[in-house]
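Enquirer: Okay, handing you the structure first.
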Amino acid sequence: MYLLRPVRPEVADAPTDDELVVLSAHFDYLEGLRDAGRLIVAGPSVVEGDTFGLVVLEFEHEADALAAMEGDPAVASGVMTAQLRPLRLSVVRS
């Protein structure tokens, strides 16, 4: 999984025109990962002063997950920072 944080806190509520373009590309990118069977779930937690996004992916190798994270337009453009973190699922819905 990777954790996203906007570089500019206002991006969630008041994105600039340039940020809107990047956010649209980010959404399309996530849909592409979903369609490729790699995305499990993604979405933002919008809390004033602590907005972040969570992207849960399924890859066998960490290098592939890192490449997917780095390929995210929001990350590549610098609109958001990202941290790749391993996730071990302990309880899942059947």
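Enquirer: Out of VAL55, VAL46, VAL11, report the one residue that is within 13 Å of the chain's Cα centre (by Cα) and among the β-branched types (Val, Ile, Thr). It would help to see each step written out before you state the result.
Expert: Details: VAL46 fails: within 13 Å of the chain's Cα centre (by Cα); VAL11 fails: within 13 Å of the chain's Cα centre (by Cα).
Only one candidate qualifies: VAL55.
Enquirer: If you check LEU30, LEU3, LEU20, which single one turns out to be exposed (fewer than 13 other Cβ atoms within 10 Å of the Cβ), of a type outside the set (Val, Ile, Thr) and not in a loop (DSSP other than H, G, I, E, B)? Give the derivation first.
Expert: Details: LEU30 fails: exposed (fewer than 13 other Cβ atoms within 10 Å of the Cβ); LEU3 fails: exposed (fewer than 13 other Cβ atoms within 10 Å of the Cβ).
After ruling out the rest, the residue left standing is LEU20.
Enquirer: Looking only at the range 33-55, count every residue that is aromatic (Phe, Trp, Tyr) and assigned to a helix (DSSP H, G or I) and tell me the total.
Expert: Our first condition is that a residue be aromatic (Phe, Trp, Tyr); within the range 33-55, this holds for 52.
Applying the additional criterion that residues be assigned to a helix (DSSP H, G or I) yields none.
Count: 0.
Enquirer: Scan the range 56-94 for residues that are in a loop (DSSP other than H, G, I, E, B) and either touching an Asp or Glu at 6+ places or on another chain (Cβ under 6 Å) or within 16 Å of ARG5 (Cα to Cα) (or both) and jot them down. Steps first, please.
Expert: If we filter the range 56-94 for residues that are in a loop (DSSP other than H, G, I, E, B), which is where we start, we get 58-61, 72, 77-79, 85-94.
ASP72, SER77, GLY78, VAL79, ARG85 - these are the residues of the range 56-94 that are in a loop (DSSP other than H, G, I, E, B) and either touching an Asp or Glu at 6+ places or on another chain (Cβ under 6 Å) or within 16 Å of ARG5 (Cα to Cα) (or both).
Quick grid of which residues meet (1) modelled with pLDDT of 95 or more; (2) in contact with a Pro (Cβ under 9 Å, 6 or more places away or on another chain); (3) not aliphatic (A, V, I, L, M):
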| site | (1), (2), (3) |
| --- | --- |
| MET1 | yes, yes, no |
| LEU4 | yes, yes, no |
| ARG8 | no, yes, yes |
| ASP35 | yes, no, yes |
| THR51 | no, yes, yes |
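Enquirer: Moving on. For the range 33-57, give me each residue that is surrounded by 13 or more Cβ atoms within 10 Å (Cβ to Cβ) and either of a type in the set (A, V, I, L, M) or within 25 Å of VAL92 (Cβ to Cβ) (or both). Steps first, please.
Expert: Keep residues of the range 33-57 that are surrounded by 13 or more Cβ atoms within 10 Å (Cβ to Cβ), which gives 33-34, 38-40, 42, 51-57.
Residues satisfying the conditions are LEU33, ARG34, ARG38, LEU39, ILE40, ALA42, PHE52, GLY53, LEU54, VAL55, VAL56, LEU57.
The values are calculated or read from the model by the stated rules, or taken from the named source; none is laboratory data. In this text the structure is predicted, and so the values were computed from the model without any measurement. Backbone-built Cβ (ideal geometry, glycine too); neighbour counts: all protein chains shown.
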